[in-house]
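Asks: Next up is a structure, given as C-alpha cells.
The values are calculated or read from the model by the stated rules, or taken from the named source; none is laboratory data. What you see is a predicted model; the values in this text were computed from it and never measured. As a convention, Cβ positions derive from the backbone with ideal geometry for all residues, glycine included, and neighbour counts pool all protein chains shown.
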Amino acid sequence: MGLLERLSPLGGRILLSLMFLASAYWKIKYWGPTVEMLDLKGVPAPAAALAVATIVELVGGLAVLVGLKVRFAALVLFVYLVPVTLIMHSFFGLEGAERQGQAIHFMKNLAIMGGLLMVTGLGAGPFSVDARLEGSEE
C-alpha cells in the first residue's frame with residue numbers, strides 16, 4: 001500500500017471530524033441562542049434536541065477523528081445528518097439569496113454524507129485505533 005493510500009483515510013477522517021467537533025463547540029458556546037433558533041425552526045423539545053445533537057457530534061466526531069469504531073460512528077453521523085439537513089437547510093420554499101445560501105448548505109451536507117458513507121464502507125484506514133485493535137497497523 002502506497003503512502004497516499006495509507007494517509008488519505010487519516011486526512012479524510014480529520015477533515016470530516018473537524019466539522020462535527022466545531023459544530024458541537026459552537027452549540028455549547030451559544031446554547032441559549034441555538035435553542036431559540038431550533039424553536040423557531042419548529043424542532044420539538046429544542047433544548048433536549050440540542051443536547052442529543054451536541055453529544056452525537058462530539059462523540060461521533062471524536063470517534064471518526066481517532067478511528068475508533070469508525071464504521072458505526074460514521075453511520076450514526078450519516079443518519080443524524082438526514083433530519084438535520086432536511087430541517088435546518090430546507091430551501092424549497094425560499095427565494096433569492098436565502099434560497100441560494102440554504103441550497104449550498106444542503107448540498108454541502110449531502111457531500112459530507114457521501115464522505116461518511118465512504119468511511120462506513122471502507123473503514124478507518126491504517127492509522128487508526130481500529131487498525132491498532134485489529135493488529136493491522138503499518
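Asks: Yes or no: region 67-74 includes at least one residue that is of a type in the set (Lys, Arg), touching a residue at least 40 places away in the same chain (Cβ under 8 Å), under 22 Å from Ser8 (Cα atoms) and not in a loop (DSSP other than H, G, I, E, B).
Replies: Scanning region 67-74, I find at least one residue that is of a type in the set (Lys, Arg), touching a residue at least 40 places away in the same chain (Cβ under 8 Å), under 22 Å from Ser8 (Cα atoms) and not in a loop (DSSP other than H, G, I, E, B), so the answer is yes.
Asks: Ok, one more. For region 51-66, which residues satisfy the criterion of being among the charged types (D, E, K, R) and either more than 23 Å from Leu38 (Cβ to Cβ) or out of contact with any helix residue (DSSP H, G or I) (no Cβ under 7 Å at 6 or more places or on another chain) (or both)?
Replies: Residues satisfying the conditions do not exist here.
Asks: Same structure again: For region 1-17, which residues satisfy the criterion of being without any contact (Cβ under 8 Å) to a residue 24 or more places away in the chain and not in a helix (DSSP H, G or I)?
Replies: Selection gives Gly2 alone.
Asks: Now, a different point. Being over 17 Å from Glu5 (Cα atoms), without any contact (Cβ under 8 Å) to a residue 12 or more places away in the chain and small (Gly, Ala, Ser) is the filter here; which residues of region 89-138 pass it?
Replies: Residues satisfying the conditions are Gly93, Gly96, Ala97, Gly101, Ala111, Gly114, Gly135.
Asks: Still on this structure, I have one more. Can you tell me which residue among Gly32, Gly61 is modelled with pLDDT of 95 or more and under 14 Å from the mean Cα position of the chain (by Cα)?
Replies: Gly61
Asks: How many residues does region 2-27 hold that are in contact with a helix residue (DSSP H, G or I) (Cβ under 6 Å, 6 or more places away or on another chain) and closer than 30 Å to Ala45 by Cβ?
Replies: So the count comes out to 7.
Asks: For region 127-136, which residues satisfy the criterion of being in a loop (DSSP other than H, G, I, E, B), at pLDDT below 95 and on the phi < 0 side of the Ramachandran plot?
Replies: Ser136
Asks: Let me ask another. Taking only region 64-83 into account, find how many residues are over 14 Å from Leu117 (Cβ atoms) and out of contact with any Leu (no Cβ under 9 Å at 6 or more places or on another chain).
Replies: Number of matching residues: 3.
Asks: Let me spell it out: the conditions are (1) within 25 Å of Gly101 (Cα to Cα); (2) at pLDDT 95 or above, and Arg13 meets all of them except one. Which number is the exception?
Replies: It fails just one condition, (1).
Asks: Tell me whether region 75-94 contains one or more residues that are surrounded by 16 or more Cβ atoms within 10 Å (Cβ to Cβ), more than 11 Å from the chain's Cα centre (by Cα) and in a loop (DSSP other than H, G, I, E, B).
Replies: Yes; the residues of region 75-94 include at least one that is surrounded by 16 or more Cβ atoms within 10 Å (Cβ to Cβ), more than 11 Å from the chain's Cα centre (by Cα) and in a loop (DSSP other than H, G, I, E, B).
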